[in-house]
1. Scan segment 382-400 and tell me whether some residue there is at pLDDT 75 or above, charged (D, E, K, R) and farther than 30 Å from Glu269 by Cβ.
2. Looking only at segment 288-313, filter to residues that are modelled with pLDDT of 90 or more and hydrophobic (A, V, I, L, M, F, W, C); which one of those is nearest to Pro183 (Cα to Cα)?
3. Please go through segment 50-71 and give me each residue that is touching a strand residue (DSSP E or B) at 6+ places or on another chain (Cβ under 8 Å) and either on the phi > 0 side of the Ramachandran plot or at pLDDT below 75 (or both), ordered by number.
4. Mind checking which helices (runs of 4 or more DSSP H) fall wholly inside segment 83-167 and carry at least 1 residues that are at pLDDT below 85 and not aromatic (Phe, Trp, Tyr)?
5. Can you find, within segment 168-191, the residue that is farthest from Asn287 (Cα to Cα) among those that are hydroxyl-bearing (Ser, Thr, Tyr) and in a loop (DSSP other than H, G, I, E, B)?
6. Consider Asn47 carefully, then state whether it is closer than 22 Å to Phe310 by Cα and modelled with pLDDT of 75 or more.
7. Across segment 192-229, what is the total count of residues that are crowded, with 17+ Cβ neighbours inside 10 Å and assigned to a loop (DSSP other than H, G, I, E, B)?
8. State all residues of segment 285-300 that are surrounded by fewer than 19 Cβ atoms within 10 Å (Cβ to Cβ) and closer than 12 Å to Leu258 by Cβ; if no residue qualifies, say none.
Amino acid sequence: MCIFKRPSWERRKRLSVLGVHDNGKFSGLKVDDKLLLQIINIRTDGNILPQPVMTVNKFSFENGDVLVAEVQPSEFPPVRYKGRVWVRVGPRKSIASEAEEKILTERRLSNVHTFDAMPCLVTTLSDLDIPLIKKEFLPKAVAKDILAEDKRPIEEQLASLGLYDLRYNCPTNGAIILFGVNPERYLHGSYVQYVRFKGKDRAGDIINEHKFSGNLCKGLAKIDIFIETSISQKRPIPVSVLREETVYSYPYWATRELLMNSIMHRDYETNAPVLFYEYDDRIEVQNPEGLYGKVSPANFPNVSDYRNPFIAEAMKVLGYVNRFSRGVYRVQKELTENGNGEAFFDFSLITAFRVTERVSEKYFEAGFGTNATPKHPETTQEKENTTQETTQEEVYTTQKIIIKALKDKPETTQKELAKLIGISIDGIKYHIQKMTKEGIIKHKDSTKVGKWIILSE
């Protein structure tokens, strides 16, 4: 029989014990559900990235309760708390120096086996949108004072976040996907394909289609707006004489969460995109490859594992993923309350994972939204009225997109709006002037440093 001795260098688990004094006596602590939830939420509140593997247990004794939190050592250092890297050397606990952070980064690279952390060997730093990284990502990923003091080259800064490989002097696959100038040049399937079919299968005519390409840092914002303005249609329904309830064809947050999860967990090694298909009665989201790692049909969604941990971490920083592992439960709750019924997760596909979201039955009560066939041929006047209504609806939809963009970023310029929405600068000027005249928006301060204020919606 062989007996293996634990190596002296092996990182040990960390235990935090509540309810016992340093001298071993009970403090009389009462561990209730509120305290348990508070401790458990430390893992998922977004302050610690990457998320730690942690278990929490309660033990009850005659003299009081004891709560034990066990934290596993991270396989992907450095670990950041509120944007800062902390280290303990003997009795000293402080913010990591550049040298200490470099050591942790090298340890990360030695343990990394995921595709998003591997070097994209055919790329260089010029393949990344560095201004975008500095403006949109680094201020959210790293504490403001730490970022201000960081004088390292951008390569080393990105390497500390798992987005650059110093050994090969090139960005990682994850960096190209998140911030690449042209991700599809190197990772051909890194886009989302939306198609609206008429009817209930792919045999129907294609009503609308759109390809969401480019890096995720820019693309996720466009997808977010698209779901809110074009997919999640809403209408009020009377609940009582004095109260109405807003019902959605597809609830915005639930639909957004399902699609964002698909983008986060998909396999980026394949040339296949994420498929976002809409039919008359449902939406289907399908991503390449099935469940990953420790996750199986039997334990889904109670167990989580990440095919792309660095992409997942970045999407959390950018605000497109909330608390990991809890999204599915909230999705099912919102869908049920909105009249959609629970989402169906299809695990039977060998090389793909599909989730189906049915359209809300509440939304279509009393025939609302149905495609009724006209009893009589349209007159010329009726056709003109229909055209006018269509134009008005398009104008209204564009205005909703503009309002959403200005809410998210009040300092957005007209040029940025045109690029974001995909219309000409003259078209943006038309809508801005119209909305300003109607008292919907107004601009405060100068053109260069001012911001937009939403007056009404």
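The values are calculated or read from the model by the stated rules, or taken from the named source; none is laboratory data. Note that the coordinates shown come from a computational prediction; the quantities given were computed from them, not determined experimentally. FYI the Cβ positions are ideal-geometry reconstructions off the backbone, even for glycines, and counts take in every protein chain you see.
1. There is at least one residue in segment 382-400 that is at pLDDT 75 or above, charged (D, E, K, R) and farther than 30 Å from Glu269 by Cβ.
2. Ranking the qualifying residues of segment 288-313, first place goes to Ile311.
3. Across segment 50-71, the qualifying residues are Pro52, Val53, Gly64.
4. Details: elements: 98-111, 138-141, 144-149, 154-160.
Per the criteria, 98-111.
5. Here is the first cut: in segment 168-191, the residues hydroxyl-bearing (Ser, Thr, Tyr) are 168, 172, 186, 190-191.
Next, from what is left, pick out any that are in a loop (DSSP other than H, G, I, E, B): 168, 186, 190-191.
Working: Tyr168: 30, Tyr186: 19, Ser190: 11, Tyr191: 11 Å.
Ranking the qualifying residues of segment 168-191, first place goes to Tyr168.
6. Values: closer than 22 Å to Phe310 by Cα: yes; modelled with pLDDT of 75 or more: no.
Judged against the criteria, Asn47 is not a match.
7. So the count comes out to 2.
8. None; the set is empty.
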